[in-house]
There are 2 protein chains.
Amino acid sequence: MEFDYSTALTHAMGHVMKLHKKNVEYLIQDYDVYPGQPILLMRLANTDGLMQKELARRIQVKPATLTVMITRMEKCGLVERRPDERDQRISRVFLTDKGRLATKAVKEALRILELKCFEGFTDEEKIILQGMLERMHNNLETFYLENTEPSAEPNE
Amino acid sequence: MEFDYSTALTHAMGHVMKLHKKNVEYLIQDYDVYPGQPILLMRLANTDGLMQKELARRIQVKPATLTVMITRMEKCGLVERRPDERDQRISRVFLTDKGRLATKAVKEALRILELKCFEGFTDEEKIILQGMLERMHNNLETFYLENTEPSAEPNE
DNA sequence: CCCCGTTTGTTAGCTGGCTAACTAAAATGT
DNA sequence: ACATTTTAGTTAGCCAGCTAACAAACGGGG
């Protein structure tokens, strides 16, 4: 009656995501884009000019992490910071022209890879998978909140 | 006719895995075990005494990465290196008693989390998901090999 | 008006992943 | 038997993620 993690579904899922990441890196290697940046570029392509805190929240990363990434990307000329006029604490992040070009390439790479990844899948299967992922996410989030924020049921 | 990565299934899957990792980190925080180590400990619990290269291959990590991890874990007293008697280049990695204790706790945490993650899933659904993950893995691996090792069809 | 708490962002220092360049030991070949 | 190549592991230096401690700007209360 042993639990064998090597057969766990989350373990298999981790391997798939690792392989996906390796593929992304291969496809974007000719641009000045590093491993963590595609997801950030996709977010910026969608909505430019967010403040860093909000941007960090959207891509599920801590503000401190984003600071370093943005600084690097600014040096590469992919993005630029512009201070907010009203609130001097805030700096808003925008894509440069070079950034927009890189974003286009990254988006195409991700599109191709998504196609390849689900080759042979029916639309119905993809919908089923999406539903499962949502349920997993809910389960994990509930578990996390229950453990870290035992604010509910304070007594008894 | 735009591709929107925020709706991509791999994107959703990445979020699920991130949340999973956050939960693992929460559950093991009281032990001298760091984020990348659970998967390594699980492997060692399964088969002790592997040479580093083989161990790296099993957990899908480069040998250089493993060197640093093992060195740190050796300092923490979780594992120990023993030189191979026949081949002086090889060092084999073993769990210590402390390592075995930590492994037990990690395994329990992963078991609980796996249960929570798939709460509400039927056995059939889990089998379906497993099949999908295998197909995704195959698709991505095939794509990677086709691109990086165009050894097949050398001409024409 | 000024002090104090809050919010935004940065810096420092850690783990973990990678590649590239290196060392040392073993295996091979002439 | 010696030189060469191959293999295992390490080191250095990079990017990405985190936490903790900090600086600077905003805002509200007395």
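The values are calculated or read from the model by the stated rules, or taken from the named source; none is laboratory data. All figures in this text were calculated on a predicted structure; none of them were measured in a lab. Cβ sites come from the backbone with ideal geometry, for glycine too, and all protein chains shown count toward neighbours. Just so you know, the surface numbers come from the protein's heavy atoms only, side chains and all, with ligands and any DNA or RNA stripped out. Shrake-Rupley method; radii C 1.70, N 1.55, O 1.52, S 1.80 Å.
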Quiz item: Relative contact order, percent, of chain B when contacts are C-alpha pairs under 8 Å separated by at least 6 residues?
Solution: 21
Quiz item: What is the interface area between chains B and A, defined as buried accessible area summed over both chains with a 1.4 Å probe, reported in Å² to the nearest 100?
Solution: 5900
Quiz item: Given 10 Å bins starting at zero, what is the percent of C-alpha pairs of the stretch B:1-68 in each, up to the one with the largest pair distance?
Solution: 17, 35, 31, 13, 4, 0
Quiz item: Tell me, what does the Kirkwood hydrodynamic radius of the protein assembly as shown come to in angstroms if you use every pair of distinct C-alpha atoms?
Solution: 22.0
Exercise. Would you mind finding the longest exposed-site-free stretch of chain A, with exposed trypsin sites (Lys or Arg not before Pro) meaning DSSP loop and at most 11 other Cβ atoms within 10 Å?
Key: A:1-85
Exercise. Using a Förster distance of 35 angstrom, determine the FRET efficiency expected from the C-beta separation of B:GLN60 and A:LEU145, and round it to 0.05.
Key: 0.70
Quiz prompt | Isotropically averaged projected area of the stretch A:71-129, using the convex hull of Cα atoms (one quarter of hull area), nm² | solution = 6.7
Practice problem: Measure out, as a whole number of angstrom, how far apart the alpha-carbon centroids of the stretch A:117-140 and the stretch B:1-49 sit. | Solution: 18
Quiz item: If you roll a 1.4 Å probe over the heavy atoms of the protein chains, what accessible area per residue do you get for the stretch A:22-156, in Å²?
Solution: 62
Quiz item: Relative to the present Cα-Cα distance, how much length would full extension add between A:ASN46 and A:GLU80 at 0.36 nm per residue of separation?
Solution: 10.6 nm
Quiz item: At a 1.4 Å probe, which residues in the stretch A:14-29 are at least 50 Å² less accessible with all protein chains present than in their chain isolated?
Solution: A:HIS15, A:VAL16, A:MET17, A:LYS18, A:LEU19, A:ASN23, A:TYR26
Quiz item: Whose amide H sits under 5 Å from the amide H of A:LEU50, counting only residues 5 or more places off or on another chain, with H placed in the peptide plane?
Solution: A:VAL93
Quiz item: In the stretch B:29-86, what GluC sites (Glu not before Pro) fall in a loop by DSSP, with at most 12 other Cβ atoms inside 10 Å?
Solution: B:GLU85
Self-check item: Using a Förster distance of 25 Å, the FRET efficiency for A:GLN88-A:ASP32 (Cβ separation, nearest 0.05)
Solution: 0.25
Practice problem: With +1 on each Lys and Arg Cβ and -1 on each Asp and Glu Cβ, and nothing else charged, work out how big the dipole of the stretch B:52-92 is about its Cα centre, in Debye to the nearest 20. | Solution: 160
Quiz item: Using a simple charge model, +1 on the beta-carbon of Lys and Arg, -1 on the beta-carbon of Asp and Glu, nothing else, what dipole does chain A show about its Cα centre, in debye to the nearest 20?
Solution: 980
Practice problem: Any of A:LYS21/B:LYS62; A:LYS75/B:LYS21; A:LYS104/B:LYS21; A:LYS22/A:LYS62 with alpha carbons more than 26 Å apart? Name them for me. | Solution: A:LYS75/B:LYS21; A:LYS104/B:LYS21
Exercise. Convert 10 °C to kelvin, take the viscosity as 1.306 mPa s, use the Kirkwood radius over C-alpha pairs of chain A as Rh, and evaluate the Stokes-Einstein diffusion coefficient in µm²/s, rounded to a whole number.
Key: 86
